[in-house]
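Contents: one structure, followed by commentary.
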Amino acid sequence: MIIIEQEILTKIKQIIPPERIFLDLSERYSYSYDASFGQYLPDIVVQPLNTEEISQLVKLANHYLFPVYPRGAATSLSGGPLPVEGGMVLDMSRLNKKLMIDRENLLAIVSPGVITANIHKEAEKVGLFYPPDPSSSHVATIGGNLLENSSGPKGLKYGTTKEYVIGLEVVTPLGDVIRTGGKTVKNVTGYDLTRLIVGSEGTLGIVTEAILRLIPKPQARKTLLADFDRLVDSGQAITKILSSGILPSAMEMMDNACIRAVEKFSPSGLPINAEALIIIEVDGHPAAIDEEIKKCEDLCKKAGASNVRVAKNEEERLSIWNARKMVSPAITQMGPTKISEDATVPRSQIPAMMERLKQIRDKYQLNLVVFGHAGDGNLHPNIITDKRNIEEMKKVENAVSEIFEAAIQLGGTLSGEHGIGLLKSPYMEMELGGTGLLMMKKIKEAWDPNNILNPGKIFPSHGQTKVALT
Ligand SMILES: Cc1cc2nc3c(=O)[nH]c(=O)nc-3n(C[C@H](O)[C@H](O)[C@H](O)COP(=O)(O)OP(=O)(O)OC[C@H]3O[C@@H](n4cnc5c(N)ncnc54)[C@H](O)[C@@H]3O)c2cc1C
């Protein structure tokens, strides 16, 4: 049990009942992780149930100057919710009661703790569709998705989370409650605060409700799996298809190490000798997609695919996607530490980026595997290592730097979807330049003058000293 300044604890207990306050080491320990490899212990964990409680807690934090770290399901791969400066973790997972589908206006109104897959399910029951579909959608919360501007396989055709958020309720860093946007699809009244908050990684406000845009569910979809003896040919197939006039709803790639890892972890009938495979899905009118999938099949063959298999039924389609969803858990079995990057390049540069990744792997002799949403240039180079091996971690650090440099030189970005969080903050200036970074910092300082919300993230500094709760 930690010793908390009694005065602060008494005030917290006036807002939140004791059964939703966690102080024991074992309880706090469970909140010290996310899906990255960092670990930081919070001083206290609180589970709010409504906006009013959050507003009061944030006002208290400003009064006593302790940090507040919002947390959804902690599946962040960039250290987003980690309490790097101690203080309070705000567990948003119990704020999950509202999931309302407004069929007439094609909207979903949701609490931040709702699991994203449940939004998919409820929308599809009435013939509607919420496209953003991160591979973690069965565990991650919509709040986490909003604050990371998450996407996933369907980003290629349908865009990222921000394209579907039209209104928010937010507790500001000073504890006030505001609404941004609304229920109208068109809204140009003043600055677009909705877009500023989406993707702000919990540094500019705590989202307590969101209004999401839905679209009609596509009538049909077709999926194929193509395997290649040469990684570079799979990259060529991707660029050829994208410049052929077809826009698939998803286009995923896996390299040989990922294929083998999946086959070992959860045998799915993938071709273990292929150097790479790609999964392509098209959706839309049944007649159109028959033609499109045939064209994708031909283009894969022309680019050098050794085998192309089109799923004959829903069962086969799901089995292909299940194999893809197994990649992350499967490669986790390859070593104790998984460093997951998501450097992203313009689509035309995919083959060049693959080549650069191969060179980095050879140079540092690291276990570097690649999979990802190749259709939108969002590759996931993952380095499997052991963080206790200091010597190897030095090589990893250099390799990661070179991955980011390569992406930026090719006209890309540090992160396509996982966010900056803690782990990528040292590289921000590399992409944005000093002035670009400063303009972002000024926004943070104006919104959060006491640096209360998620300090230590995005910007490569640790903010001002806080009065610790201990
Ligand atoms: C196996 C696996 C697969 C993944 N696949 C994908 C993928 O395909 N695409 C993708 O984009 N990501 C993917 N991710 C990353 C991760 O799932 C996403 O970033 C997700 O959106 C995080 O949601 P979460 O609920 O876990 O949020 P957390 O990890 O808890 O938090 C994420 C960030 O949001 C902030 N936050 C959370 N809730 C709120 C709130 N209500 N108000 C303010 N701030 C808040 C936190 O402070 C933190 O900065 C994957 C992760 C794993 C482990």
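Answer yes or no: is there a residue in the range 7-23 that is polar (S, T, N, Q) and out of contact with any strand residue (DSSP E or B) (no Cβ under 9 Å at 6 or more places or on another chain). Yes. Within the range 84-95, the set of residues being more than 22 Å from the chain's Cα centre (by Cα) and part of a loop (DSSP other than H, G, I, E, B) comprises 85, 86, 87. Going through the range 86-135 one residue at a time, which ones are buried (at least 24 other Cβ atoms within 10 Å of the Cβ) and among the aromatic types (Phe, Trp, Tyr)? Result: 130, single match.
Out of the range 121-153, which residues are within 16 Å of the ligand (Cβ to nearest atom) and of a type in the set (Phe, Trp, Tyr)? Correct list: 130 only.
Figure legend. Inter-residue proximity from the range 365-392: first residues without any contact (Cβ under 8 Å) to a residue 12 or more places away in the chain, second residues assigned to a strand (DSSP E or B) and surrounded by fewer than 17 Cβ atoms within 10 Å (Cβ to Cβ), beta-carbon distance below 9 Å, spacing 6+ or different chains. No pairs are indicated.
Can you say whether residue 155 is among the small types (Gly, Ala, Ser), buried (at least 19 other Cβ atoms within 10 Å of the Cβ) and more than 17 Å from residue 212 (Cα to Cα), as far as the supplied structure shows? When the stated conditions are applied, residue 155 does not pass them.
Those helices (runs of 4 or more DSSP H) of the range 210-320 in which at least 3 residues are without any contact (Cβ under 8 Å) to a residue 12 or more places away in the chain, considering only elements entirely within it, cover 286-302.
Scanning the range 238-288 for residues that are within 22 Å of residue 352 (Cβ to Cβ) and among the polar types (S, T, N, Q) turns up 239, 243, 244, 256.
Does at least one position in the range 417-428 carry a residue that is surrounded by fewer than 23 Cβ atoms within 10 Å (Cβ to Cβ) and within 16 Å of the ligand (Cβ to nearest atom)? Within the range 417-428 (the criterion being surrounded by fewer than 23 Cβ atoms within 10 Å (Cβ to Cβ) and within 16 Å of the ligand (Cβ to nearest atom)), the answer is yes, since at least one residue qualifies. Kindly evaluate residue 77 against the criterion of being part of a loop (DSSP other than H, G, I, E, B), more than 8 Å from the ligand (Cβ to nearest atom), under 28 Å from residue 42 (Cβ atoms) and in contact (Cβ under 8 Å) with a residue 60 or more places away in the chain. Against the criterion (part of a loop (DSSP other than H, G, I, E, B), more than 8 Å from the ligand (Cβ to nearest atom), under 28 Å from residue 42 (Cβ atoms) and in contact (Cβ under 8 Å) with a residue 60 or more places away in the chain), residue 77 does not qualify.
Scanning the range 304-327 for residues that are open to solvent by 80 Å² or more (accessible area, probe 1.4 Å) and under 29 Å from the mean Cα position of the chain (by Cα) turns up 314, 315, 318. Selection within the range 61-74: residues that are near the ligand (Cβ under 10 Å from one of its atoms) and surrounded by fewer than 24 Cβ atoms within 10 Å (Cβ to Cβ). The member of this set that is nearest to residue 130 (Cα to Cα) is 73.
Scanning the range 229-242 for residues that are closer than 17 Å to residue 155 by Cα, at pLDDT 90 or above and open to solvent by 10 Å² or more (accessible area, probe 1.4 Å) yields one hit, 242.
Entry remark, the range 166-179: residues being open to solvent by 10 Å² or more (accessible area, probe 1.4 Å) and touching a Leu at 6+ places or on another chain (Cβ under 9 Å) number 4 in total.
Results for (1) in contact with a strand residue (DSSP E or B) (Cβ under 8 Å, 6 or more places away or on another chain); (2) at pLDDT 95 or above; (3) open to solvent by less than 20 Å² (accessible area, probe 1.4 Å), shown as yes or no for each residue.
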{"residue": "185", "(1), (2), (3)": "yes, no, no"}
{"residue": "191", "(1), (2), (3)": "no, yes, no"}
{"residue": "215", "(1), (2), (3)": "yes, yes, no"}
{"residue": "227", "(1), (2), (3)": "yes, yes, yes"}
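If you go through the range 1-60 and keep only what is within 27 Å of residue 169 (Cβ to Cβ), open to solvent by less than 70 Å² (accessible area, probe 1.4 Å) and in a helix (DSSP H, G or I), you end up with 8, 12, 15, 20, 51, 53, 54, 55, 57, 58, 60. It is to be established whether one or more residues within the range 402-413 are among the aliphatic types (A, V, I, L, M) and within 16 Å of the ligand (Cβ to nearest atom). The answer is no, given that none of the residues of the range 402-413 is among the aliphatic types (A, V, I, L, M) and within 16 Å of the ligand (Cβ to nearest atom).
Results for (1) crowded, with 22+ Cβ neighbours inside 10 Å; (2) over 12 Å from residue 222 (Cβ atoms), shown as yes or no for each residue.
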{"position": "273", "(1), (2)": "no, yes"}
{"position": "278", "(1), (2)": "yes, yes"}
{"position": "284", "(1), (2)": "no, no"}
{"position": "294", "(1), (2)": "no, no"}
{"position": "302", "(1), (2)": "no, yes"}
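Flag not set for residue 289, criterion: at pLDDT 95 or above, under 30 Å from the mean Cα position of the chain (by Cα) and closer than 28 Å to residue 382 by Cα.
The values are calculated or read from the model by the stated rules, or taken from the named source; none is laboratory data. This is a predicted model, so every value here is computed, not measured. Virtual Cβ from ideal backbone geometry, glycine too; neighbours counted across all protein chains shown. Please note that ligands, DNA and RNA were not included when accessible areas were found on the heavy atoms of the full protein model with its side chains. Shrake-Rupley method; radii C 1.70, N 1.55, O 1.52, S 1.80 Å.
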